Amino acid sequence: MKTTAGLADLALGALRRLGVDRERIEGLADGQPPRPTLAARSPITGGELCGVRADDADAVAAAVTAASEAFGVWRETPAPVRGALVKRLGELLVEHQEDLAALVSIEAGKIHSEALGEVQEMIDICDFAVGLSRQLYGRTMPSERAGHRLQETWQPLGVVGVISAFNFPVAVWSWNTAVALVCGDPVVWKPSELTPLCALGCDALLQRAMREREAPAGLHAVVLGAREVGEALVDDARVALVSATGSTRMGREVGPRVAARFGRSLLELGGNNAVIVTPSADLEQAVSSIVFGAAGTAGQRCTSTRRLLVHASVADEVVAKVTRGFASLPAGDPFEDGVLLGPLVNEAAYEAMQAALEQARGVGGEVIGGERIDVGADGFWVRPALVRLPAQTGPMLTETFAPILYVVTYQDFDEALALHNCVPQGLSSGLFSNDVREAERYLGPSGADTGIANVNAGTSGAEIGGAFGGEKETGGGRESGSDAWRAYMRRATNTINYSAAVQLAQGVAFG
Ligand code: UN1
């Protein structure tokens, strides 16, 4: 197992190769004391890797000023030229996939293959955005007036503020940034204070691409810090769109504050994602998808599977197999081949998990697993927990960011759909069934009410090509693929009169 000093060396090496400005980092490797700053830590040892220069509200205001100036140039830059910048970013990400993945493993504790997969999502969204830069289509509609044309055009919106969480410390930034940049918008990014090194790595690559493609300085900035930094970004009226990923509690504050100044927000908040297993399901397929969905990333994805709604006739078999799956997952050093279970992000996450399990026991839950595992490091590794509950109640209605899978049984499909939809969150969902009637009902108007609804596929691991986000307390926003780009642009409806006459719509006569 690596030590804090070993992890710090690894991180500093990656940061150097990524081209991060030494000014922003004060490494332990240099033997310098950290300035008044943010401590970069690793959940693997819980230890401090280095100090990182933090920003304050004034620094946020300065970044927004620079971004606003860059906007004047960038919005007039042809969209395919903007795409060329994102293309270069994508190339640099391919070149530095290992470096960025290492930082993701060090700061978020992800196993190597998931960390590489996260950077792959970045490369994929860059490809998508480059194509998009030639496809920001508006429509032309028939006008009701002779000699008139009616059309809609999509124009750059303005500065986009991105707030992201620790669990996808690089990919979520790229979903927003690649799309915002081709749409003509500068970005000011406030990452989680738990993952500042990942953010500095991403920013360094984009700054290099900006220099090479002669993009205006100020087009991108990363602002590091805690609450004060996020608040300054949220409250700055020059930030046209705030795209925030995190807890529902955070979104409940951000949404109204942005709305109060008539800004636009895009919220991607908590999930409480369920898998429904019906009697016709391929149980092997269901079980392995459930084990990955619940235990992958140590249950710390917003798309993690947290609820299993299983038909009573197959419940014992499914529970036995999932339990075996949980028990056999190798835990340890996220960098080591074969390890599938990394640590929770910190002690607070461990305490929250234990509190949820205690609450589950209090409402009659039978808990299997959930204990801390000793892997020879000071971080918080846990055995994923399976909790059988008599009814969908107590902690099953809230999102705990840890590997806990609550299980309840159902008797008929209507009951399964009702159980599925009666939680406040609405992000992702999976149905395992080989019954086409069930599958179509689940995807239909009275089916799953989540933004993502899958058949014979688990809740996590969405591809970037689709729109990503969810309903209800998940916040309603959509990021990433499909037509999510529209949130980053201003729509204008244009009437062009190419006749010599003045004609009023709706046949109105006025003098
Ligand atoms: C998140 O947890 O905030 O679908 C994002 C997935 C990933 C993204 C998760 N592609 O699991």
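Of note:
- Residues of the range 450-483 with an amide N closer than 12 Å to a point placed 7 Å from the Cα of ASP435 along the Cα-to-Cβ direction: none.
- Shape category assigned to the range 319-409 from the gyration tensor of Cα positions, a/c cut at 1.5: oblate
- Difference of contour (0.36 nm per residue) and Cα-Cα distance, CYS422 to SER288: 45.7 nm
- Shape class for the range 369-511: prolate, because the ratio a/c of the largest to smallest gyration tensor axis (alpha-carbon atoms, square roots of eigenvalues) is 1.5 or more and a/b beats b/c.
- A simple spin-label model places pseudo-atoms 7 Å from Cα toward Cβ; at ASP58 and ALA355 they are separated by 3.7 nm.
- The relative contact order of the chain, computed from alpha carbon pairs under 8 Å that lie at least 6 residues apart in sequence, is 17 percent.
- Estimated FRET transfer efficiency (GLU253, SER482; beta-carbon r; R0 35 Å; 0.05): 0.80
- Spatial extent of the range 157-282: Rg and Dmax, with the Cα atoms as the point set, Å: 16.3, 59
- Summed residue charge, Cβ within 10 Å of ARG441's Cβ, Lys/Arg positive, Asp/Glu negative: -3
- Distance histogram for the range 140-207 (every C-alpha pair counted, 5 angstrom bins, percent rounded to whole numbers): 4, 15, 21, 17, 9, 7, 6, 6, 5, 5, 4, 1, 0
- Estimated [θ] at 222 nm from DSSP helical runs (n ≥ 4, -39500 (n - 2.57)) normalised by residues in the chain, nearest 500: -12500 deg cm²/dmol
- Membrane-span-like helices in the chain (whole DSSP H runs, Cα extent of at least 27 Å along the helix axis, mean Kyte-Doolittle hydropathy of at least -1.0): 112-132.
- Computed Kirkwood radius, in angstrom, where 1/r is averaged over Cα pairs of the chain: 24.0
- Translational diffusion of the range 276-322 was estimated from the Stokes-Einstein equation, with Rh taken as the Kirkwood radius over Cα pairs; at 10 °C and 1.306 mPa s the coefficient is 146 µm²/s.
- Kirkwood Rh and Cα Rg combined as Rg/Rh, the range 110-166: 1.25
- Pair ALA260, SER499: separation of 7 Å Cα→Cβ label points (nm): 5.0
- Residues in the range 377-416 that a label on SER113 would reach, taking backbone N under 16 Å of a point 7 Å out along Cα→Cβ: none
- Charge dipole of the chain about the Cα centre (unit charges at C-beta), most positive-ward option of MET141, ALA57, GLY362: MET141
- Its residue count N sets the reference 2.2 N^0.38 Å, and the alpha-carbon radius of gyration of the range 72-139 equals 1.36 times that reference.
- Approximate spin-label separation GLU69-ASP9, in nm, with each point projected 7 Å along Cα-to-Cβ: 4.3
Values in this text are rule-based calculations from the coordinates and carry no lab data. Because the structure is a prediction, the values reported are computed rather than measured. All Cβ positions, even for glycine, are placed from backbone atoms using ideal geometry, and neighbour counts span all protein chains on display.
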